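Asker: The following block contains the structure, expressed as structure tokens.
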């Protein structure tokens with residue numbers, strides 16, 4: 001089935017539902033940002049909350065949407081049949097969404113096409129996430145932690161790019177103070193995390209496509225090594241348990257070997273190899289070993 005013959009209503013319903021869940025999550029983030037450590041009741045009306053929730057909803061949908069549109073238009077460029085982006089609403093998460101994806105509906109004809117389709121999404125999402133991160137950090141602020149403050153909060157792991165944006169914006173954050181993240185900064189943080197997850201060189205993730213296009217059958221060993229690393233990360237931080245479980249399930253269903261292309265024996269050209277190095281750099285900049293950790297007390301970022 002070609003994209004032109006797709007029924008639009010499943011895409012539209014999922015997208016509208018994701019707008020709602022991300023806006024609701026964004027409203028909660030904005031109230032927390034506005035109140036800071038002062039606590040107190042929510043001072044905003046429902047209409048105001050819906051408006052303020054867009055500070056998070058619009059950026060995260062832009063990052064996720066551009067990521068998937070990168071894949072989609074690369075598929076269109078090479079004549080590979082695929083679905084439009086499916087957005088996944090999730091009202092019970094801090095993020096309001098589980099992300100988005102497209103379905104590729106036919107074999108990809110070669111390594112060049114596979115590489116371009118795989119890399120297009122992470123690059124498109126990254127290009128959108130970086131300026132949103134710096135604007136979001138500019139909208140954030142430094143708060144003093146009350147000496148008598150007690151409460152259970154979540155500590156967000158800081159990717160290298162996030163650390164750089166915070167340092168360029170605020171410099172050194174003194175002990176007893178913390179960065180209170182604006183909802184746009186949180187959207188960018190989640191966008192960086194989503195980029196890192198997709199760039200894991202495992203199976204049929206974006207990183208798996210890139211790894212296979214560069215290394216061929218040797219990518220199967222990389223997949224197994226990275227799954228072992230994920231299991232190790234799950235012992236380091238409980239926040240990796242779900243992702244590790246999903247990747248293991250993916251390997252059980254599809255196997256550790258990437259589906260072959262007819263030109264598997266041919267090397268990838270130098271330009272695409274250089275772009276693959278940039279993909280590794282993106283992964284390093286966006287990765288954090290402990291994405292979300294519960295804390296009994298507030299600690300500075």
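The values are calculated or read from the model by the stated rules, or taken from the named source; none is laboratory data. Since we're looking at a predicted model, the values are computed, not measured. Neighbour counts are summed over all protein chains in view; Cβ atoms, including those assigned to glycine, are modelled from backbone coordinates with ideal geometry.
Asker: Look at residue 227 and say whether it is in a helix (DSSP H, G or I) and either at pLDDT 95 or above or surrounded by fewer than 18 Cβ atoms within 10 Å (Cβ to Cβ) (or both).
Answerer: Numbers: in a helix (DSSP H, G or I): yes; either at pLDDT 95 or above or surrounded by fewer than 18 Cβ atoms within 10 Å (Cβ to Cβ) (or both): no.
No, not satisfied.
For (1) surrounded by fewer than 20 Cβ atoms within 10 Å (Cβ to Cβ); (2) under 23 Å from the mean Cα position of the chain (by Cα); (3) at pLDDT 90 or above, each residue gets a yes or a no:
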{"position": "208", "(1), (2), (3)": "no, yes, yes"}
{"position": "243", "(1), (2), (3)": "yes, yes, no"}
{"position": "248", "(1), (2), (3)": "yes, yes, no"}
{"position": "255", "(1), (2), (3)": "yes, no, no"}
{"position": "265", "(1), (2), (3)": "yes, no, no"}
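Asker: Identify, by number, the condition in (1) surrounded by fewer than 24 Cβ atoms within 10 Å (Cβ to Cβ); (2) not in a strand (DSSP E or B) that residue 178 doesn't meet.
Answerer: Going through the list (1) surrounded by fewer than 24 Cβ atoms within 10 Å (Cβ to Cβ); (2) not in a strand (DSSP E or B), residue 178 breaks only (2).
Per-residue answers, yes or no, for (1) on the phi > 0 side of the Ramachandran plot; (2) surrounded by 21 or more Cβ atoms within 10 Å (Cβ to Cβ); (3) in a strand (DSSP E or B); (4) more than 14 Å from the chain's Cα centre (by Cα):
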site: 80; (1), (2), (3), (4): no, no, no, yes
site: 100; (1), (2), (3), (4): no, yes, yes, no
site: 114; (1), (2), (3), (4): no, yes, no, yes
site: 120; (1), (2), (3), (4): no, yes, no, yes
site: 138; (1), (2), (3), (4): no, no, no, yes
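Asker: How many residues are over 14 Å from residue 108 (Cβ atoms) and in contact (Cβ under 8 Å) with a residue 60 or more places away in the chain if we restrict to segment 256-267?
Answerer: The initial filter retains those residues of segment 256-267 that are over 14 Å from residue 108 (Cβ atoms), namely 256-257, 265-267.
Those left that are additionally in contact (Cβ under 8 Å) with a residue 60 or more places away in the chain: 266.
Count: 1.
Asker: Listed residues 93, 132; which is outside any helix (DSSP H, G or I), within 26 Å of residue 287 (Cα to Cα), touching a residue at least 24 places away in the same chain (Cβ under 8 Å) and within 17 Å of the chain's Cα centre (by Cα)? Break it down stepwise before answering.
Answerer: Values: 132 fails: outside any helix (DSSP H, G or I).
None of the others qualify; the one that does is 93.
Listed here are the residues, each with its yes/no results for (1) within 16 Å of residue 65 (Cβ to Cβ); (2) in a helix (DSSP H, G or I); (3) in contact with a helix residue (DSSP H, G or I) (Cβ under 9 Å, 6 or more places away or on another chain).
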residue: 7; (1), (2), (3): no, no, no
residue: 14; (1), (2), (3): yes, yes, no
residue: 19; (1), (2), (3): yes, yes, yes
residue: 24; (1), (2), (3): no, yes, yes
residue: 29; (1), (2), (3): no, yes, yes
residue: 33; (1), (2), (3): no, yes, yes
residue: 37; (1), (2), (3): no, no, no
residue: 42; (1), (2), (3): no, no, yes
residue: 49; (1), (2), (3): no, yes, yes
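Asker: Just to be sure before I move on: is residue 69 under 26 Å from residue 275 (Cβ atoms), assigned to a helix (DSSP H, G or I), without any contact (Cβ under 8 Å) to a residue 60 or more places away in the chain and under 18 Å from the mean Cα position of the chain (by Cα) in the structure I sent?
Answerer: On the way: under 26 Å from residue 275 (Cβ atoms): yes; assigned to a helix (DSSP H, G or I): yes; without any contact (Cβ under 8 Å) to a residue 60 or more places away in the chain: yes; under 18 Å from the mean Cα position of the chain (by Cα): yes.
Yes: the conditions hold for residue 69.
Asker: Going by the conditions given, is residue 233 surrounded by 13 or more Cβ atoms within 10 Å (Cβ to Cβ) and in contact (Cβ under 8 Å) with a residue 24 or more places away in the chain? Give the derivation first.
Answerer: On the way: surrounded by 13 or more Cβ atoms within 10 Å (Cβ to Cβ): yes; in contact (Cβ under 8 Å) with a residue 24 or more places away in the chain: yes.
For residue 233, the condition - surrounded by 13 or more Cβ atoms within 10 Å (Cβ to Cβ) and in contact (Cβ under 8 Å) with a residue 24 or more places away in the chain - is met.
Asker: May I pose another question? Quick check, is residue 220 over 25 Å from residue 67 (Cβ atoms), over 18 Å from the mean Cα position of the chain (by Cα) and surrounded by 15 or more Cβ atoms within 10 Å (Cβ to Cβ)? Outline the logic, then answer.
Answerer: On the way: over 25 Å from residue 67 (Cβ atoms): yes; over 18 Å from the mean Cα position of the chain (by Cα): yes; surrounded by 15 or more Cβ atoms within 10 Å (Cβ to Cβ): yes.
It is true that residue 220 is over 25 Å from residue 67 (Cβ atoms), over 18 Å from the mean Cα position of the chain (by Cα) and surrounded by 15 or more Cβ atoms within 10 Å (Cβ to Cβ).
Asker: Here is a further query. Any residue in segment 100-117 that is under 12 Å from residue 262 (Cβ atoms) sitting within a Cβ distance under 6 Å of a residue that is part of a helix (DSSP H, G or I)? List the pairs, counting only those 6 or more apart or interchain.
Answerer: Close Cβ pairs satisfying both conditions: 108/114; 111/213; 113/78; 114/209; 114/213.
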